[in-house]
1. May I ask you to list the residues in the stretch 62-73 that are open to solvent by 50 Å² or more (accessible area, probe 1.4 Å) and in contact (Cβ under 8 Å) with a residue 60 or more places away in the chain?
2. Quick one: count up the residues across the stretch 97-141 that are touching a His at 6+ places or on another chain (Cβ under 9 Å) and open to solvent by 60 Å² or more (accessible area, probe 1.4 Å).
3. Being assigned to a helix (DSSP H, G or I) and open to solvent by less than 20 Å² (accessible area, probe 1.4 Å), is that true of even one residue in the stretch 14-37?
4. Being in contact with a Gly (Cβ under 6 Å, 6 or more places away or on another chain), within 22 Å of residue 139 (Cβ to Cβ), of a type in the set (Lys, Arg) and touching a residue at least 24 places away in the same chain (Cβ under 8 Å) narrows it down to one of 194, 201, so name that one.
5. Could you tell me whether the stretch 199-213 includes any residue that is basic (Lys, Arg), within 24 Å of residue 228 (Cα to Cα) and open to solvent by less than 40 Å² (accessible area, probe 1.4 Å)?
6. If a residue must be open to solvent by 10 Å² or more (accessible area, probe 1.4 Å), at pLDDT 95 or above and among the charged types (D, E, K, R), how many such residues does the stretch 148-169 contain?
7. When you look at residue 52, is it within 27 Å of residue 202 (Cβ to Cβ), small (Gly, Ala, Ser) and modelled with pLDDT of 95 or more, yes or no?
8. Report whether or not residue 17 is of a type in the set (A, V, I, L, M, F, W, C) and under 18 Å from residue 206 (Cα atoms).
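The values are calculated or read from the model by the stated rules, or taken from the named source; none is laboratory data. Remember, predicted model here, so these are calculated numbers, not experimental data. So basically every Cβ, Gly included, is an ideal-geometry build from the backbone, and we count neighbours across all protein chains shown. The accessibility values were calculated without ligands, DNA or RNA, using every heavy atom of the protein model including side chains. Shrake-Rupley method; radii C 1.70, N 1.55, O 1.52, S 1.80 Å.
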Amino acid sequence: MRAGLDEPMVATAPERAASWLLVEHAGPWPSDALPADLPAEAVRVLDAATEAGVRPQLVRRVADRRRTVSTVILASCRPDMRWTERRTLTDLRELADLDVDALAGGEPPQFGTRAIDPVVLVCTHGRRDVCCARLGRPLAVLLDEQLPGLVWETTHVGGDRFAPNVVSLPDGSYHGGISVAEVPELAEALVTGRVLPARLRGRAGMSAPEQAADFFLRQHLGETSLQAVQVLACVLGPLDQTCVEVAVGPGRWCVHV
């Protein structure tokens, strides 16, 4: 539907998703509610995370789904605080030890070990939208072959109509509508800190005007490096026009959105 209508994907990443809590769960995943087999302690933490503005996601490995342990990944994708922590739990009740307030504020809660490798999420939440399973699952398999150990299937990440959706943490980049032919290029971009401008939806945790300015300036300059483009300020002007101040290397730009 989205492709048929030629709907643009620009600035469609979730604005409030600056902190993430990923919890490994093999599924099945209900369309909206949490799975019934999650312990009450884990449910309380996931609910508290949502209330605090953290984005909770259930994740699972692409191939080895029925594991006896659960990986928990914490991430912040704020421009000045990008990090991930990882911990393996034998019992999800251990989630009760997580400092949700620290995570919500972008501070590492010291719940796990700091990680360096990117975390690649592919939405395969078929009970939420069948397109996510039909398009997302094959993409996850191909990406996992290219990036072994980095790829996770995940629950709804927003924007089902842009499926298949791929999110990279901690940089927060959202790509949508990826084709099979683009998988090798996307895989290389994800591990080298770049984006595919034609498939870039935006960056989680940034406002829609900031995402739009980032996108259009990249298009104008042909810039694909994630770190090369830095949003400095966002000022609301007359007639609801927003001026987004952006730095690209030594240059400064004002993008009117």
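1. Answer for the stretch 62-73, where residues must be open to solvent by 50 Å² or more (accessible area, probe 1.4 Å) and in contact (Cβ under 8 Å) with a residue 60 or more places away in the chain: just 63.
2. Qualifying residue count, the stretch 97-141: 1.
3. no
4. On the way: 194 fails: in contact with a Gly (Cβ under 6 Å, 6 or more places away or on another chain).
Testing whether each residue is in contact with a Gly (Cβ under 6 Å, 6 or more places away or on another chain), within 22 Å of residue 139 (Cβ to Cβ), of a type in the set (Lys, Arg) and touching a residue at least 24 places away in the same chain (Cβ under 8 Å) leaves just 201.
5. Our first condition is that a residue be basic (Lys, Arg); within the stretch 199-213, this holds for 199, 201, 203.
Next, only the ones that are within 24 Å of residue 228 (Cα to Cα) stay: 199, 201, 203.
Narrowing further to those that are open to solvent by less than 40 Å² (accessible area, probe 1.4 Å): 201, 203.
Yes, because at least one residue in the stretch 199-213 is basic (Lys, Arg), within 24 Å of residue 228 (Cα to Cα) and open to solvent by less than 40 Å² (accessible area, probe 1.4 Å).
6. Residues that pass the stated criteria total 0.
7. Numbers: within 27 Å of residue 202 (Cβ to Cβ): yes; small (Gly, Ala, Ser): yes; modelled with pLDDT of 95 or more: yes.
Considered against the rule, which asks whether it is within 27 Å of residue 202 (Cβ to Cβ), small (Gly, Ala, Ser) and modelled with pLDDT of 95 or more, residue 52 comes out as yes.
8. yes
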